[in-house]
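The values are calculated or read from the model by the stated rules, or taken from the named source; none is laboratory data. This structure is a prediction, so every number in the text was calculated from the model and none was measured. Methodologically, a virtual Cβ is constructed for each residue, glycine included, from the backbone with ideal geometry; neighbour enumeration extends over all protein chains shown. The accessibility values were calculated without ligands, DNA or RNA, using every heavy atom of the protein model including side chains. Shrake-Rupley method; radii C 1.70, N 1.55, O 1.52, S 1.80 Å.
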Amino acid sequence: TDHGNVSGTYKFYQECMKEKIQPILGMEAYYTVNDRSAREVDELEEKYYHIVLLAQNNIGLKNLFKISSKAYSEGMYFKPRCDDQLLIEYNEGLMATSACLGSRASQLILRNETDAAERLIVHHAAIFKDRFFIEVQLHQDRSQEIVNKELIRIAKKYNLPLILTNDCHYFNENDKLLHEQALCMQTGDVMSSEKRFSFGEIDVHVGTHDWMWERAQRQGIPYEAIANTNFVANMVNHKTYFEDKWNK
C-alpha cells in the first residue's frame, strides 16, 4: 500500500507470483472530508488524511486505479486526494481500513472529538459494509495508545472487526539502521545530525505473528485483531488481478 499511488502494483504482483506469495494490492490513499476539488484545509487545519484501500479482486483493482487517477487529476492539493464521493462510486471490490495515526478518525480522537471520530467510522463502515476494518497499530507511543483504546471501544460498540497492522518500510527488524541511513541519503543529511529526518524508536518492519502478539498483549489488543489478517487474506482473490491483460 504505497502512499497515494498504485504505480508499483504490477511489479509487486509479478514478484509475489514468482515467489508463490499471495499479493494483496492496495493503496494508502490520501483522503479529504471536503470536496476533493477544494484547495483548502479543513476545520482541523489539515490538508489530507490517510485511509487504506485493498483490492479484493480485479474489479477492486480497476476501481483502485480509478480512485488514484481521479485523486491526481481532480483532488491534487499537496497530495492526490480522494473524497467520499469517490469512495461511494468506486468501492466495489475494495476493502478499507481506518488506517494509522494519520487518519481523520485518529486525529479527531487526539483532539478529544471522539463523537465525531465515531460518526466518521460508522459512515465509512456504511460505505464499505462488511469490507471495513478498524485498524490498530503497535507503536510504543502515547498517542497511539490513546487512539487504540478508543478504536477498540468503537469496534465493540458497533461490532466492527479489528485488524492489527505494523507500518512496513523495510523487511527485517535488523534493517532499522540501514533504513535510517537510507533516509539520510534521501534527504541529503548525515546520521550525526540531531535534526535529521528519522523514524525514531518506531519499529516499521514486517512483524511476525509472535512478535505482533507479544506486543499486542501488552496493550490489551485482542487476538481477533491478528486473526483477522487471515480473514482479510481469504477475502482476496488475487488470481483475478490483471486477468483482462489491460485491454478492457
From the list E173, E113, E118, pick out the single residue that is surrounded by 15 or more Cβ atoms within 10 Å (Cβ to Cβ), of a type in the set (D, E) and touching a residue at least 12 places away in the same chain (Cβ under 8 Å).
-> E118
Condition met for G4 (at positive phi and open to solvent by less than 10 Å² (accessible area, probe 1.4 Å)) | yes
For region 227-246, state whether one or more residues are touching a strand residue (DSSP E or B) at 6+ places or on another chain (Cβ under 7 Å) and among the small types (G, A, S).
-> no
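Let's see how each residue does on (1) among the β-branched types (V, I, T); (2) touching a helix residue (DSSP H, G or I) at 6+ places or on another chain (Cβ under 9 Å); (3) modelled with pLDDT of 95 or more:
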| site | (1), (2), (3) |
| --- | --- |
| E145 | no, no, no |
| I154 | yes, yes, yes |
| K157 | no, yes, yes |
| D167 | no, no, no |
| Y170 | no, yes, no |
| N174 | no, no, no |
| V190 | yes, yes, yes |
Could you list all residues from region 193-225 that are surrounded by fewer than 15 Cβ atoms within 10 Å (Cβ to Cβ) and of a type in the set (G, A, S)?
-> S193, G200, G220
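Can you pull out every residue in region 99-158 that is at positive phi and small (G, A, S)?
A99
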Pick out the one residue from A105, A126 that is surrounded by 16 or more Cβ atoms within 10 Å (Cβ to Cβ) and aliphatic (A, V, I, L, M).
-> A105
Name the residues in region 19-51 that are farther than 22 Å from N234 by Cβ and among the basic types (K, R), would you?
-> R36, R39, K47
